[in-house]
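Worksheet: the structure to be examined is printed underneath.
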Amino acid sequence: MSENGMHRAQLARRLRGVDDLSATRWRAVEERDVTMVGVFVYAVSSTGVYCKPGCGSRRPLRRNVEFFATPGDAVSSGYRACRKCRPDQNDVLSPSLASVVSLCRWLEEVVDDRDVAAFAAELGYSERHLRRRFSEVVGVPISGYLRALQAERARKALHARAPVTTAIYEAGYGSNRAFYEHGAPRLGMTPGTYRAGGRGERIAFTSLSTPIGVVVAASTVRGVCAVHIGPDEASLEASLVTEFPHATLERDDEGLAWLIGVLAGAVRGETNAAVLPLDLEGTAFQMRVWEALRAIPAGHTLSYSEVAVKIGAPGAVRAVGSACGANPAALVVPCHRVVRLDGSLGGYRWGIAVKQALLDAEAGGRGT
Ligand SMILES: [Zn+2]
């Protein structure tokens, strides 16, 4: 076999391993196979709920299903536990199934299967027996499982940088009436293009001085892609370059005059910048959080845990905090409207004093 042919054969084998694992898991979901309980959970994107195999709830569509090794993984991706099958509660497993499940968890932490013999010995099995039992239960051999995990990690890493194109919203820039009548517009996400730090993109930016500091705002043709607040313009411009290393950054005060107007009003608590069109990059989870923040009316606040509940992931309070901290577009995604449960301010990417000033302005301003 030529070197190229061999490489292709390896690749095909690798891909088959990945497909095999999800095919086996999908079959277990379809057949409500309880013998795989503990081995994995599946999450349904259309409902935001995750289940264990065998759940009696309606069968989801294949394209809406995502598989996770553990309930914890599903939760950190923003899913909540199904009330019917309670995948978050521990099941009593037979010793043989429990050993396979613990082997799964162990494999998720290691890079190869070199120590399976030792692992088996610790459980009181021969390596051969444990490997055979693993293939029976999981549907793929240990090597296939490791390959699938690897591919999944690669896919997730890619997804974390996935771009998000925007929606241009029907709600006009200044039209807060439309905003309140129709609710906050949804952030649009179109998979398939990878922006990679704004490669090939023209990004216009502008800045304004306000009582809370300098505001630098940048926009693509689709919408606002960054709003940063800080003490001086030079460092803010530098941070734009860091954020979009491959884009062509151009100052365009005239072209972005509309944006300046809305942001200046927002700083005074007089306009709601959350109606502006956005063009942000973020993970699916971050987008859900940011979307929820845009639904908080000016002059109101939510706690981090209330936001977690709103996006259907009550267990993900910390992740909500991180998503707020990662918000690239101050004011337009009003992360300043999220505070701690006890009313204290929590963090703010652009400083607590700025957060306080914005909340004060909105409380005192007309609030819309
Ligand atoms: Zn369920």
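Structure above, values below:
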| read-out | value |
| --- | --- |
| Spatially proximal aspartates and glutamates relative to residue 310 (Cα-Cα < 17 Å; intrachain offsets below 8 disregarded) | 291 |
| Three-way shape label, segment 207-261, alpha-carbon gyration tensor, a/c 1.5 | oblate |
| Kirkwood Rh, Cα atoms: Rg over Rh of segment 200-332 | 0.97 |
| Cα gyration tensor category, rounded, prolate or oblate, for segment 257-368 with a/c compared to 1.5 | oblate |
| Electrostatic dipole magnitude of segment 291-368 [Cβ: Lys, Arg +1; Asp, Glu -1; Cα centre; debye, to 20] | 100 |
| Cβ-defined net charge surrounding residue 312, 9 Å radius [Lys, Arg +1; Asp, Glu -1] | +3 |
| Cβ-Cβ FRET estimate between residue 234 and residue 356, R0 fixed at 25 Å, reported to 0.05 | 0.50 |
| Beta bridge orientation in segment 176-364: antiparallel %, DSSP, nearest 5 | 60 |
| Segment 28-126 - percent relative contact order, Cα under 8 Å, separation 6 or more | 25 |
| J(HN,Hα) series, segment 348-360, from Karplus relation 6.51 cos²θ - 1.76 cosθ + 1.60, nearest Hz, glycine and proline x | 8, 4, 10, x, 4, 4, 5, 4, 4, 4, 5, 5, 4 |
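Values in this text are rule-based calculations from the coordinates and carry no lab data. Every value quoted in this text rests on a predicted model; they were computed, and no experiment measured them. Using ideal geometry, Cβ is built from the backbone for each residue, glycine included, and neighbour counts are taken over all protein chains shown.
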